[in-house]
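The values are calculated or read from the model by the stated rules, or taken from the named source; none is laboratory data. In this text the structure is predicted, and so the values were computed from the model without any measurement. Ideal geometry is used to build each Cβ from the backbone, glycine not excepted, and the neighbour counts take in all protein chains shown.
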Amino acid sequence: MAFGGLHSGLLERLGGVALSAQEDTGIISSLDEALEIMDFEPVAKRMMLPQHWAYLATGVDDDATLRANVEGFSNYQIRMRRLVDFTTLDLSTEIFGKRWASPLAFSPVASLKGFHTQGEPGAARAASAKGVLQMLSTQTSTPVEEVNEAYGEPIWYQLYARSDWENTSKLVKRVETAGCPVLVFTIDLLAGRNTVTNARAQGVEGTSAEFCQNCHKDLTKPMAEGLTRVPGVTNFTWDYVKRLKDSTSMKLVLKGIVTQEDAELAVEFGADGVMVSNHGGRGAESLRPTIECLPEVAAGVAGRVPVLFDSGVRRGTHILKALALGADVVSVGRPYVWGLAGFGQDGVEKVIDILHRELQLVMRQAGATSIQKLRQNRYILDRRTGARL
């Protein structure tokens with residue numbers, strides 16, 4: 001609730017405790033006031049240029065899939081168990097032979113320095129401090145080598161393939177040389193997209209296309225150094241996945257898998273992992289929340305490769321539901337950028353702390369002491385069908 005709408009007399013009766021800073025705007029002014037992830041969204045909006053906000057906030061078409069991603073979690077209920085000894089609560093997860101203390105990850109988001117001067121290094125330091133996996137966008141505003149240094153070890157790298165194989169290969173080799181262990185190939189934007197909300201904001205008075213092009217020219221991006229623009233479009237098919245896999249020693253994850261059929265094909269063509277994602281509702285107006293895609297993708301994978309998940313995660317309960325339905329890692333995008341935009345690295349750490357706290361709380365309430373037990377005891381009910389998942 002926005003506290004700016006509270007009557008002044010009520011504020012007096014409450015003693016103004018923790019409310020006075022929010023009285024006028026309804027926006028938090030310090031990290032101590034943040035109680036949930038959504039507290040960071042209005043702060044970020046206030047801090048950003050309108051165009052930058054629109055880029056982060058946009059979905060496609062009517063933004064309906066963006067909204068559906070969040071709303072879809074409400075279709076799944078949690079079966080709470082009582083009197084379980086939760087003195088030992090294990091949030092850890094293993095992926096590609098590495099044990100992570102947290103199942104939380106950061107999805108790749110482009111141009112973080114457009115949201116805060118600390119940019120990708122600030123997010124990396126926060127992720128490292130909290131034991132969170134980080135994926136770096138091809139459209140990063142900081143070179144991968146610098147982000148690796150900030151994180152303390154090589155991070156995962158997300159790939160937007162170039163229009164020709166030679167330039168894609170150069171980029172992949174650079175990332176591999178930097179020590180990145182995993183390549184996350186994004187496949188849900190290969191057909192293009194219709195980001196109406198973003199497009200409407202680009203002509204806001206007081207800015208210009210020329211100003212925006214200072215940052216958004218493709219070949220000026222740090223990871224485009226040494227690459228060239230080649231006309232034409234590559235025909236991206238499953239054979240391309242095999243070619244990419246054969247070209248590198250890095251593990252290959254396909255980001256954008258939302259059906260059982262494609263999950264099966266991903267394994268068949270050599271992918272080491274899949275990521276259930278619709279790009280945060282930024283790819284196509286499918287109206288399918290990723291949480292509803294997750295069970296069939298997990299069925300298609302059948303435990304042969306790890307499953308990562310993103311799009312719409314805003315609560316610890318969301319993380320629990322995704323883990324229970326088959327995800328090994330649950331990733332967030334907009335939430336950590338909201339924290340970064342508002343408060344830099346400290347804001348990102350606070351976002352992580354809130355999600356961890358909420359996840360621990362609901363695991364204790366449900367009597368689920370580990371991710372493995374979440375799945376073994378089938379804690380989720382589909383409220384539409386009554387099916388126990």
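Which members of segment 214-224 meet the condition of being at pLDDT below 80 and surrounded by 11 or more Cβ atoms within 10 Å (Cβ to Cβ)?
First, the residues of segment 214-224 that are at pLDDT below 80: 214-219.
Cys215, His216, Asp218, listed by residue number.
Is it the case, given these coordinates, that Gln77 is under 28 Å from Cys293 (Cα atoms) and either free of Cβ contacts under 8 Å to residues at least 40 places away in the same chain or in a strand (DSSP E or B) (or both)? It would help to see each step written out before you state the result.
On the way: under 28 Å from Cys293 (Cα atoms): yes; either free of Cβ contacts under 8 Å to residues at least 40 places away in the same chain or in a strand (DSSP E or B) (or both): yes.
Considered against the rule, which asks whether it is under 28 Å from Cys293 (Cα atoms) and either free of Cβ contacts under 8 Å to residues at least 40 places away in the same chain or in a strand (DSSP E or B) (or both), Gln77 comes out as yes.
Out of all the residues in segment 246-288, which are in a helix (DSSP H, G or I) and either aliphatic (A, V, I, L, M) or out of contact with any helix residue (DSSP H, G or I) (no Cβ under 6 Å at 6 or more places or on another chain) (or both)? Residues satisfying the conditions are Asp246, Glu261, Asp262, Ala263, Leu265, Ala266, Val267, Glu268, His279, Gly280. Residue check: Ile354 meets all listed conditions (1) farther than 27 Å from Glu120 by Cα; (2) in contact with a Leu (Cβ under 9 Å, 6 or more places away or on another chain) but one, namely (1). The number of residues in segment 361-371 that are surrounded by fewer than 24 Cβ atoms within 10 Å (Cβ to Cβ), within 25 Å of Pro306 (Cβ to Cβ) and either touching a Phe, Trp or Tyr at 6+ places or on another chain (Cβ under 9 Å) or free of Cβ contacts under 8 Å to residues at least 24 places away in the same chain (or both) comes to 2. For segment 341-349, the count of residues that are polar (S, T, N, Q) and without any contact (Cβ under 8 Å) to a residue 24 or more places away in the chain is zero. When segment 289-312 is filtered for residues that are more than 20 Å from Asp382 (Cβ to Cβ) and part of a strand (DSSP E or B), only Leu308 remains.
Looking only at residues in segment 225-245 that are under 15 Å from Asn167 (Cα atoms), hydrophobic (A, V, I, L, M, F, W, C) and in contact with a helix residue (DSSP H, G or I) (Cβ under 8 Å, 6 or more places away or on another chain), the one that is surrounded by the fewest Cβ atoms within 10 Å (Cβ to Cβ) is Val230. None of Ser141, Ser92 is polar (S, T, N, Q) and under 30 Å from Thr228 (Cα atoms) except Ser141.
Return yes when Pro295 is touching a Lys or Arg at 6+ places or on another chain (Cβ under 8 Å), at negative phi and in the same structural domain as Leu89 (by TED's automatic domain parsing) and no when it is not. I'd like the intermediate steps shown before the answer.
Working: touching a Lys or Arg at 6+ places or on another chain (Cβ under 8 Å): no; at negative phi: yes; in the same structural domain as Leu89 (by TED's automatic domain parsing): yes.
No, not satisfied.
For Arg378, state whether it is in the same structural domain as Phe106 (by TED's automatic domain parsing), touching a residue at least 40 places away in the same chain (Cβ under 8 Å) and not in a loop (DSSP other than H, G, I, E, B). Against the criterion (in the same structural domain as Phe106 (by TED's automatic domain parsing), touching a residue at least 40 places away in the same chain (Cβ under 8 Å) and not in a loop (DSSP other than H, G, I, E, B)), Arg378 does not qualify.
When Asp61 is tested against (1) in a loop (DSSP other than H, G, I, E, B); (2) among the acidic types (Asp, Glu); (3) at pLDDT 95 or above, just one condition goes unmet, and that condition is (3). If you take the residues in segment 266-314 that are within 22 Å of Gln134 (Cβ to Cβ) and of a type in the set (Lys, Arg), which one is modelled with the highest pLDDT? Among those residues, the one meeting the criterion is Arg314.
Residue-wise test of (1) outside the structural domain of Ile354 (by TED's automatic domain parsing); (2) more than 17 Å from the chain's Cα centre (by Cα); (3) surrounded by 13 or more Cβ atoms within 10 Å (Cβ to Cβ).
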position	(1), (2), (3)
Glu41	yes, no, yes
Pro50	no, yes, yes
Arg67	no, no, yes
Ile78	no, yes, yes
Leu83	no, yes, no
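The residues of segment 105-127 that are of a type in the set (Phe, Trp, Tyr) and in contact with a strand residue (DSSP E or B) (Cβ under 9 Å, 6 or more places away or on another chain) amount to a single one, Phe106.
Collect the residues in segment 162-182 that are surrounded by 20 or more Cβ atoms within 10 Å (Cβ to Cβ) and farther than 18 Å from Glu146 by Cα, keeping them in residue-number order. Outline the logic, then answer.
Keep residues of segment 162-182 that are surrounded by 20 or more Cβ atoms within 10 Å (Cβ to Cβ), which gives 162, 168, 171-172, 175, 180, 182.
Scanning segment 162-182 gives Arg162, Thr168.
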